[in-house]
1. With (1) within 16 Å of DNA strand D (Cβ to nearest atom); (2) within 14 Å of chain B (Cβ to nearest Cβ); (3) not in a helix (DSSP H, G or I) as the list, and residue A:118 as the residue in question, which single condition is left unmet?
2. Being within 14 Å of another protein chain (Cβ to nearest Cβ), more than 19 Å from residue A:9 (Cβ to Cβ), modelled with pLDDT under 95 and away from DNA strand D (no atom under 16 Å from the Cβ) is the requirement here; does residue A:26 meet it?
3. Between a residue in the stretch A:69-83 that is over 12 Å from residue A:137 (Cα atoms) and any residue that is surrounded by 12 or more Cβ atoms within 10 Å (Cβ to Cβ), which pairs come within a Cβ distance under 7 Å, given they are 6 or more apart or on different chains?
4. Pick out the one residue from A:55, A:84, A:61 that is more than 13 Å from DNA strand D (Cβ to nearest atom), surrounded by 13 or more Cβ atoms within 10 Å (Cβ to Cβ) and under 19 Å from residue A:184 (Cα atoms).
5. Could you please let me know if residue A:7 is in a loop (DSSP other than H, G, I, E, B), more than 14 Å from every other protein chain (Cβ to nearest Cβ), in contact (Cβ under 8 Å) with a residue 40 or more places away in the chain and within 16 Å of DNA strand D (Cβ to nearest atom)?
6. Filter the stretch A:1-30 for residues that are surrounded by 17 or more Cβ atoms within 10 Å (Cβ to Cβ) and either touching a strand residue (DSSP E or B) at 6+ places or on another chain (Cβ under 9 Å) or farther than 21 Å from residue A:102 by Cα (or both) and give the result.
7. Using beta carbons and a limit of 6 Å, which pairs, at least six apart or on different chains, have the first residue in the stretch B:154-166 and more than 9 Å from chain A (Cβ to nearest Cβ) and the second one in a helix (DSSP H, G or I)?
8. If you go through the stretch B:183-199, how many residues are free of Cβ contacts under 8 Å to residues at least 12 places away in the same chain, at the interface with another protein chain (Cβ under 9 Å from one of its Cβ atoms) and out of contact with any helix residue (DSSP H, G or I) (no Cβ under 6 Å at 6 or more places or on another chain)?
DNA sequence: TCCATATTAGAATCAATATTCTAGAACGAT
DNA sequence: ATCGTTCTAGAATATTGATTCTAATATGGA
């Protein structure tokens, strides 16, 4: 069999270059910027990625996946309330340890991508990206509240994702102060507790 | 004296058109989009705004100013903790009542604009936009904690701005559920309380 | 009516960047 | 040494969208 020329740049090399550009902040990242950071030609980038959009979405997906692996390690915390608080705290901790990737998480939002403007080469990955995490969360939610309601899921979502992410977001790009973690824990506790009084409902 | 031709489009008309485009979401808003929404030519837009950047920043500044006027009405709540909680709750409430403007608040961040890339025609407005709100907040903070420390200011900032805004942000563009308000109040209370134990410090 | 002025109007231009294209290079099996 | 394959290279092209430019228009006072 004939053998092809070996590649100088892997997919991940290119994604890493793009990540560096995104983290560097500045203006909107262009293919030329990525090529410069990569120290390679734009042709090699287009050889692997159909378009700039596909490249950027794949970068985002890779960061999301890496973020999520840390979450699964929290699955075996026995007390469910503790587990949920740990999930909340994982967000500022991950952002502090992986500043560049954390910045790249702000590139897209799943809801927007699903709505439209998403290259279908990556469409299915985008639509299933959260499935495993949702399954995990559902299980812990059931244990935490005794039963699973859409209300409970709402509180858990707010406590473990929305609030923590909202609290770190303004600090991305600079060192994340420890007060963010304290505020995250306090907010998560308080919001999770809202699900305990179901007497509000009819 | 000679009299000029009367204007068909005021500054605010143009900003309103831009606002509608931003709220409509879709892709990045261009001058052509705004002109179409305005039902006028691009020339009239450039007649009033030196550049797209100036226009968008002015839209953002107008939204921020409108948001802030609601805040000042809370100044005379006597109990400082109540006042701070009300400030926090003002954010989801404002976003619910003014969905389009709320979306336009996500256009820029003051910190980024000050750093660079800000047309100096609007630079001074950007740098002073928060002065009055900061003065108000400082006063309430002092009453809430007895004294003013940078730590206290941090907690107040997290409780009344960062957390509430982070909690609504993912819901912008669709109806904002009442749970956001409940979560905001709970989180604000919990975070403000963190400033009460100063025994942590040396 | 005619003037001075500020404005509308939108076609023409310009700049930035994404994308395509053609040529050449690297590899190991034959 | 040659070949088929996949990759690098980067110049050329296409596209997108901001900005500029010239002409025309509305207005009330002189």
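The values are calculated or read from the model by the stated rules, or taken from the named source; none is laboratory data. All values reported here derive from a predicted model rather than from experimental measurement. When we count neighbours, we look across all protein chains shown, and the Cβ atoms used for this are built from the backbone with ideal geometry, even at glycine.
1. With respect to (1) within 16 Å of DNA strand D (Cβ to nearest atom); (2) within 14 Å of chain B (Cβ to nearest Cβ); (3) not in a helix (DSSP H, G or I), residue A:118 is out only on (1).
2. So residue A:26 fits the description; yes.
3. Matching pairs, first to second residue: A:70/A:90; A:70/A:94; A:77/A:83; A:77/A:86.
4. A:84
5. no
6. A:9
7. If the second residue must be in a helix (DSSP H, G or I), the pairs left are B:156/B:141; B:160/B:84; B:160/B:87; B:160/B:88.
8. Total satisfying the criteria: 1.
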